[in-house]
Every structure is written in C-alpha cells, then in structure tokens.
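Structure first, commentary second.
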Amino acid sequence: MKIEEINKIKILGKPYKVVWMDGDKNVDFFEGKLGKSNHILQIIYIDDACADEQKIDTFIHEVLHCIIDNLDLRLEEKQVHALACAITSFILENAKNIVFTD
Ligand SMILES: [Zn+2]
C-alpha cells in the first residue's frame, strides 16, 4: 500500500481522517508547511506533491503532533521534527524486516 492510499488511521484509539492534497495548488492552506493536523477535529492534511520519503516524514510528523496534543506533552516543534525524522528513518531502514503477526 502506498502511503497516500491511507485515508483513515487510529491514534490513541481515536479515528482520524487523512487528507492528501497538492501543496502547489493549496499554498495558502498549508501556510508554507507540508502538513497540518487538528486533534480536536481528528484530521490530518498532507501535501502529496513531494517525494515519497518526505510524505512519510510529514505523515509521521503530523501523527506525532496528534499524539503529543492528546497527551498534552507540550513538546517544541524542533523536538517533534527530530522525533519524526528518527522514526521515519527507522521505518524506511527496517520496514522490510518487520512483520507484525498475531
Ligand atoms: Zn510540526
């Protein structure tokens, strides 16, 4: 499954909608960013007009924002960015070797 085919996820047991949008056609909406999220509305928006690795990084970044906001962890943006980069790297380097089974 390609990442942009994901349109529903659960975060901490709550259903979230994932919306993929062309950032070049929605410049004002994205405000210079590659993603946005709202944990109250339970929705994540991702710019899908970038490279696959960047899409994954942005997706993980916005999921982390939702987790952090739900848990009221109050991390700074640079901490979210660093965690997203580390988790994305881990996934890309190990995904083929990880099998989730019962
Ligand atoms: Zn952010």
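Just so you know, all these numbers are worked out from the coordinates, no wet-lab data involved. None of the values given here were measured: they were computed from a predicted structure. Note that we place each Cβ from the backbone using ideal geometry, even for glycine, and neighbour counts take in every protein chain shown.
Could you pull out every residue, at least 5 positions away or on a different chain, whose amide H is within less than 5 Å of the one on residue 21? Hs are placed 1.01 Å off N in the peptide plane, and Pro or chain starts have none.
46, 47, 48
Report ³J(HN,Hα) in whole Hz for each residue of region 56-71, in order, from the Karplus equation J = 6.51 cos²θ - 1.76 cosθ + 1.60 where θ = phi - 60°; Gly and Pro get x.
Here the 3J(HN,Hα) series is 5, 4, 5, 4, 4, 4, 6, 4, 4, 4, 5, 4, 4, 5, 4, 8 Hz.
List, largest first, the extents of the alpha carbons of the chain along their principal axes, each in whole Å.
Result for the chain: principal-axis Cα extents of 42, 31, 26 Å.
Sort the following peptides by mean Cβ neighbour count (other Cβ atoms within 10 Å, averaged over residues), highest first: 38-49, 63-74.
On the way: 38-49: 17.6, 63-74: 14.9.
Put in order of decreasing packing, that is 38-49, 63-74.
I want the antiparallel fraction of DSSP beta bridges within the chain, as a percent rounded to 5.
Numbers: 8 of 13 bridges.
So the antiparallel bridges amount to about 60 percent of the total.
If you place +1 on the Cβ of every Lys and Arg, -1 on the Cβ of every Asp and Glu, and leave all else neutral, what size is the dipole of region 3-95 about its Cα centre, to the nearest 20 Debye? Mind dumping the intermediate values first?
On the way: 10 positive and 17 negative charges, 94 e Å.
That gives region 3-95 a dipole magnitude of about 440 debye.
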